[in-house]
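Peer 1: Sending over a structure as structure tokens; questions will come in a sec.
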Amino acid sequence: MAQGMGGPGYTIEDEFRKDLTFDGEGILAMANTGMPHTGGSQFFVTLAKTPWLNGKHTIFGKVIKGMDVVRTIGHSEVDFQDRPLETGDDEIRHHQRRRVMAESYTYILECGDGSLYTGWTNDLEKRVKTHNAGLGAKYTRSRLPVRLVYFETFEDKREAQSREWHIKQLTHDQKRALIDKGPEKIYNK
């Protein structure tokens, strides 16, 4: 059974056009590993405006007919790895459902050099430890140690990812103002 992991054994070079953007639902694009030119045989369809994906995934189409089917698939219950839940043992489904309901967080870290890093996660404590172990984002690896100075809680990862994108559009001073006013600020000096 296919797991949606791995690749086809080849990669496709990215192709970006300024007139093709993630400006709404139904955008069909090439999935990749998060690194340039690593697309292969997997693709995805957006369910909403996702501008943080511009310049990161090659767009090659738009759903013209059948968006209702895409929405149904997109709103199906999934586990913490975005895999569809299968019918079966009630206890297992209950456990999986609890993991689906897990909170997601958008956070800001202050790096050792005073710069700020914004990200999202579903396990805030573990993610900060991962950054400080030098295994987090490439940006933070050379700016250790980091400390959590701000976070917001969301019901699902899509909201957290959207908020991450919006915060990343702010200037350094605007991020500092956001940190200073809350809503869930952390001071661990």
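Peer 1: Along its three principal axes, how long is the stretch 1-75 when you only count alpha carbons? Whole Å, largest extent first please.
Peer 2: Taking max minus min along each principal axis of the Cα atoms, the stretch 1-75 gives 37, 33, 19 Å.
Peer 1: Among the listed pairs 18/181; 65/138; 65/175; 62/181; 56/175; 65/157, which are separated by more than 29 Å between their Cα atoms?
Peer 2: 18/181; 65/138; 65/175; 62/181
Peer 1: Something else about it: Once fully extended, how much extra length lies between residue 174 and residue 76, figured as 0.36 nm per residue of separation less the alpha-carbon to alpha-carbon distance?
Peer 2: Separation in residues times 0.36 nm, less the Cα-Cα distance, equals 31.6 nm.
Peer 1: Tell me, what is the percent relative contact order of the stretch 1-75, built from C-alpha pairs under 8 Å that lie six or more residues apart? Don't jump to the answer; show the numbers that get you there.
Peer 2: Numbers: 116 pairs, mean separation 25.7, N = 75.
It comes to 34 percent, rounded to a whole number.
Peer 1: I want to check the label-to-label distance for residue 14 and residue 63. Put each point 7 Å from Cα in the C-beta direction and report it in nm to one decimal.
Peer 2: Each label point is offset 7 Å from its Cα along the Cβ direction, giving 2.5 nm.
Peer 1: Right, another one. Sort largest first and round to whole Å: the equivalent ellipsoid semi-axes of the stretch 100-187, each the square root of five times a Cα gyration tensor eigenvalue.
Peer 2: 19, 16, 11
Only the coordinates and a few stated rules stand behind these numbers; no lab work does. These numbers come from a predicted model, not from an experiment. Heads up, the Cβs are rebuilt from the backbone with ideal geometry, glycines too, and the neighbour counts pull from every protein chain shown.
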